[in-house]
Structures are given as structure tokens and as C-alpha cells.
Amino acid sequence: MLERADGSQQPIHPLWLRERCHDAASMDLKTRQRLQDPSDFDPDLKIRALSQASPGVYHVEFSDGHQASFSAEEILEEAALASNSDDCPAPRLWDGALGALPRARWRPDPSAAELFSWLESFLTLGFVIFEGVPTAPGTVLKVASMFGFTRETNFGALFDVRSTPDATDLAYTSVSLDPHTDNPYRAPVPGIQLLHCLVNETSGGLSTLVDGFAVAEALRAGHPQAFEVLTRTPVRFRYVDADTELTASAPPIELDVTGALKSVHFSPRLDLVPLFSAERLEAYFRARRLFDHRLRAPDFQIRFLLKSGDLVMFDNCRLLHGRTGFDPGEGLRHLQGCYIDADGPRSLYRVLRRRAQTSAVRRSA
Ligand SMILES: O=C(O)CCC(=O)C(=O)O
């Protein structure tokens with residue numbers, strides 16, 4: 001048992017603790033990877049002796065003869081991690097009344113504190129808008145590289161979003177686009193999308209964003225059966241052009257093992273539900289309609305103009321994006337986009353936090 005800050009007791013399982021030994025016999029100290037296969041530990045392992053080595057540090061002797069020291073603080077921190085928690089800021093769900101948008105002045109060489117605050121906005125709200133990003137073509141890739149590795153696709157490392165007569169995707173026309181997640185036909189789906197406005201000479205083409213997690217939670221609360229149907233129906237998404245044929249299946253609302261929201265997969269231009277029984281299909285169509293009508297409702301959606309030099313980076317597994325239609329006769333509208341994997345900003349956030357903690361400890365020493 002360890003005592004938590006609030007005085008309550010935290011039971012610690014011997015095998016769980018044995019797997020966390022970080023002495024040189026248990027792990028490679030450089031890579032911090034385990035040297036022993038933990039499945040070989042005695043399943044009936046016990047703690048034979050426990051003593052306090054110094055304030056907050058315990059010396060443990062296990063029944064297999066191994067001895068190790070642990071910081072109580074570190075063990076309690078690890079114990080507090082819920083099974084679905086990744087120790088980054090939790091999503092703060094929002095709706096159409098969000099108010100001030102998370103905007104930041106872009107700088108190619110931000111301070112650690114600036115970068116940290118950009119990441120906090122992104123991780124909590126699912127998006128951040130940078131202003132003043134140079135409009136030289138390709139700059140979106142430079143911005144992306146600050147947060148993660150570009151996920152190249154059949155559209156290339158970046159894609160141009162502008163109205164063209166030979167469009168291979170409705171995004172490359174001037175029609176309005178309802179809220180959707182990008183590329184649900186890929187496995188894995190691109191985690192994060194960046195869209196950088198180089199030029200917008202039209203009066204339309206407003207960008208839209210919806211917090212898919214907020215809508216999903218509203219559905220769970222108000223229409224639990226519909227929510228359940230959308231978590232259990234595998235929908236097939238498909239993209240085909242002359243050189244590419246991609247398909248992937250996913251439920252519109254994907255949950256993790258604890259039942260928490262994991263991902264939204266939604267693109268009404270591309271979804272194909274398998275031919276289930278009439279009863280199952282009707283339940284799905286009713287549920288999709290409820291979900292989609294909320295995704296399109298102003299109560300949940302925000303609209304804003306991306307002007308030349310603005311760049312929006314958003315979580316493609318949580319937020320849905322779209323745009324209003326525009327008249328290409330009014331002038332040019334040209335965005336460049338790219339994808340990065342979902343884990344880049346989370347890794348960067350942890351590294352910055354660790355560095356800040358280390359330098360705070362150094363300063364106080
Ligand atoms: O034109 C826009 O603002 C958005 C385009 C879009 O939805 C996309 O590229 O996926």
C-alpha cells in the first residue's frame with residue numbers, strides 16, 4: 001500500500017511493481033527498455049520486505065530475490081494513469097457557442113512556452129489557427145514538421161485545394177462540403193490535418209468545424225440507442241481514381257476499451273453501409289440521420305473565414321470540417337493541405353513538459 005496525497009491508500013500489485021523495476025539488471029538504462037520478459041516472472045510473486053530508504057523512496061525485496069528502489073511519487077503518478085489516459089490534456093468539448101477561437105501568431109522559431117501553449121489549445125480543443133503564415137507554396141509542410149512527420153498519401157506530401165475542372169475529389173470543386181473527417185477510407189486514417197490558405201479572393205468558402213466528440217456525447221445522452229448503433233455498425237468507405245483504390249471499414253463512432261470516445265469516422269459523400277437486415281439498416285439510417293443533423297446544426301458548428309496566411313491544424317479523429325460553397329468567378333481560392341500522424345503533438349507536449357520540469361528542478365537545486 002502507498003499513501004496518496006489525499007491520505008487514501010493505493011494498493012500496489014507485486015507483479016505490476018516488479019515490471020516497473022528500473023535498475024540496470026531489469027532495464028537497459030540508455031533506452032529504458034526492459035531486459036527481461038515479464039511473462040517469465042513468477043505469477044505468484046510476493047513482496048518479501050519493504051523499507052523506507054530515504055524520504056519518499058522505498059526499498060523492495062521481491063520473493064524471486066530481486067531488490068529494487070522506487071520513488072513513491074513516481075509510482076503513485078503511474079498508478080493514477082487510467083487505462084485510457086495518455087497523460088496529455090484531456091479534450092474540452094465545445095459547441096457552436098465556443099466564442100473566441102484559439103488563434104496564435106505564427107512564428108517559425110517559437111519559444112518553448114509559446115509552443116507549449118499552442119499544443120495545449122490543440123490538445124484540449126482539437127484545433128488551433130495560426131495567423132501570418134508566409135504564403136509561399138509548400139509552407140504548410142514546414143509548419144507540419146514542427147509538430148510531427150508528414151503522412152504522405154496518393155495525393156502527395158501536400159495537396160492543393162482549389163476548384164479544378166478535372167477534380168478527383170469534391171474538395172477540389174467549389175461546392176459546399178458538409179462536416180466530414182478526411183480520408184476514412186485509409187488504414188490508418190490520417191490523424192491530423194493542416195489547411196493553409198494561400199489566397200481567398202471569394203466572398204464564400206467559409207471554413208466550418210464541429211467537435212464530433214461533443215456531438216457524439218450529446219447523442220449518447222439524448223439517444224443512447226442511436227449512439228449504440230453508430231458504435232456497432234461497420235461502415236465501408238471507399239476512394240477510387242485511375243491509380244488508386246482504397247477501402248476501409250469503421251463505425252461512425254469508435255470507442256476505446258473503456259467505452260470512451262476514440263475516433264469519429266464520418267463522410268456522407270463516401271460511406272457505404274453493408275446490406276444488413278432491413279431492421280438493422282433502418283436503425284442505422286435513423287441513427288446516422290440524428291448524428292448528421294446535429295453535425296450540421298449551428299448549435300454545434302463554428303464558421304470562420306480562412307484568409308490569406310491563416311492555417312488551421314485540427315484533429316481529424318475528433319473534429320469534422322467542411323466549407324461553404326463559393327463562386328470561382330469571383331476570384332481564386334487556393335489552400336494547401338497535408339496530414340501528420342496523431343501522436344506527433346502529444347510526443348512534443350510531453351518532451352516540452354519534461355524539459356520544463358527538469359529545468360525547474362535544476363533551478364531549485
Ligand atoms: O476547402 C476547404 O476549405 C476544405 C477542403 C476539405 O474539406 C478537404 O480538403 O478535406
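Step by step: first the residues of region 105-143, then only those that are charged (D, E, K, R) and free of Cβ contacts under 8 Å to residues at least 40 places away in the same chain, then the one that is nearest to residue 349 (Cα to Cα). Which residue is that?
Only one residue tops the list, namely 114.
Can you say whether residue 72 is surrounded by 14 or more Cβ atoms within 10 Å (Cβ to Cβ) and touching a residue at least 40 places away in the same chain (Cβ under 8 Å), as far as the supplied structure shows?
yes
Of the residues 162, 151, which is near the ligand (Cβ under 10 Å from one of its atoms), among the charged types (D, E, K, R) and either within 24 Å of residue 134 (Cβ to Cβ) or surrounded by fewer than 17 Cβ atoms within 10 Å (Cβ to Cβ) (or both)?
162
So, of the residues in region 178-206 that are among the β-branched types (Val, Ile, Thr) and outside any strand (DSSP E or B), which turns out to be nearest to residue 145 (Cα to Cα)?
189
Residue by residue through region 241-256, note down the ones that are of a type outside the set (Asp, Glu), part of a strand (DSSP E or B) and farther than 18 Å from residue 273 by Cβ.
Within region 241-256, 244, 255 meet the criteria.
Identify the single condition in (1) acidic (Asp, Glu); (2) in contact with a strand residue (DSSP E or B) (Cβ under 8 Å, 6 or more places away or on another chain); (3) modelled with pLDDT of 95 or more that residue 201 does not satisfy, given that it satisfies every other one.
Single failed check for residue 201: (3).
Let's see how each residue does on (1) more than 17 Å from the chain's Cα centre (by Cα); (2) without any contact (Cβ under 8 Å) to a residue 40 or more places away in the chain; (3) assigned by TED's automatic domain parsing to the domain that holds residue 107:
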| position | (1), (2), (3) |
| --- | --- |
| 264 | no, no, yes |
| 328 | yes, no, yes |
| 340 | no, no, yes |
| 358 | yes, yes, no |
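Look at region 20-41 and say how many of its residues are surrounded by 14 or more Cβ atoms within 10 Å (Cβ to Cβ), assigned to a loop (DSSP other than H, G, I, E, B) and charged (D, E, K, R).
Going through region 20-41 one residue at a time, the tally reaches 1.
For the subset of region 185-198 comprising residues that are within 13 Å of residue 319 (Cα to Cα) and within 11 Å of the ligand (Cβ to nearest atom), which member is surrounded by the most Cβ atoms within 10 Å (Cβ to Cβ)?
Going through the qualifying residues, I end up with 194.
Among the residues that make up region 207-229, is at least one of them surrounded by 20 or more Cβ atoms within 10 Å (Cβ to Cβ) and assigned to a loop (DSSP other than H, G, I, E, B)?
No, region 207-229 contains no residue that is surrounded by 20 or more Cβ atoms within 10 Å (Cβ to Cβ) and assigned to a loop (DSSP other than H, G, I, E, B).
So in region 245-262, with the set limited to residues that are touching a residue at least 40 places away in the same chain (Cβ under 8 Å) and either of a type in the set (Lys, Arg) or over 23 Å from residue 322 (Cβ atoms) (or both), which one is surrounded by the most Cβ atoms within 10 Å (Cβ to Cβ)?
262
Conditions (1) at pLDDT 95 or above; (2) surrounded by 14 or more Cβ atoms within 10 Å (Cβ to Cβ); (3) outside any loop (DSSP other than H, G, I, E, B); (4) over 28 Å from the mean Cα position of the chain (by Cα), marked per residue:
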site	(1), (2), (3), (4)
65	yes, no, no, yes
79	no, yes, yes, no
85	no, no, no, no
88	no, yes, no, no
95	yes, yes, no, no
99	no, no, no, no
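Condition check: surrounded by 13 or more Cβ atoms within 10 Å (Cβ to Cβ) and part of a loop (DSSP other than H, G, I, E, B). Does residue 124 satisfy that?
In short, no.
Would you point out which residue out of 138, 132 is touching an Asp or Glu at 6+ places or on another chain (Cβ under 9 Å) and in the same structural domain as residue 307 (by TED's automatic domain parsing)?
Working: 138 fails: touching an Asp or Glu at 6+ places or on another chain (Cβ under 9 Å).
One residue alone meets the criteria, 132.
Does residue 175 count as among the hydrophobic types (A, V, I, L, M, F, W, C), within 11 Å of the ligand (Cβ to nearest atom) and assigned to a loop (DSSP other than H, G, I, E, B)?
yes
Of the residues in region 144-168, how many are free of Cβ contacts under 8 Å to residues at least 60 places away in the same chain and part of a loop (DSSP other than H, G, I, E, B)?
Residues in region 144-168 being free of Cβ contacts under 8 Å to residues at least 60 places away in the same chain and part of a loop (DSSP other than H, G, I, E, B): 6 in total.
The values are calculated or read from the model by the stated rules, or taken from the named source; none is laboratory data. Computed from a predicted structure; not experimentally measured. With ideal geometry, Cβ positions are generated from the backbone for all residues, glycine too; neighbour counts draw on all protein chains shown.
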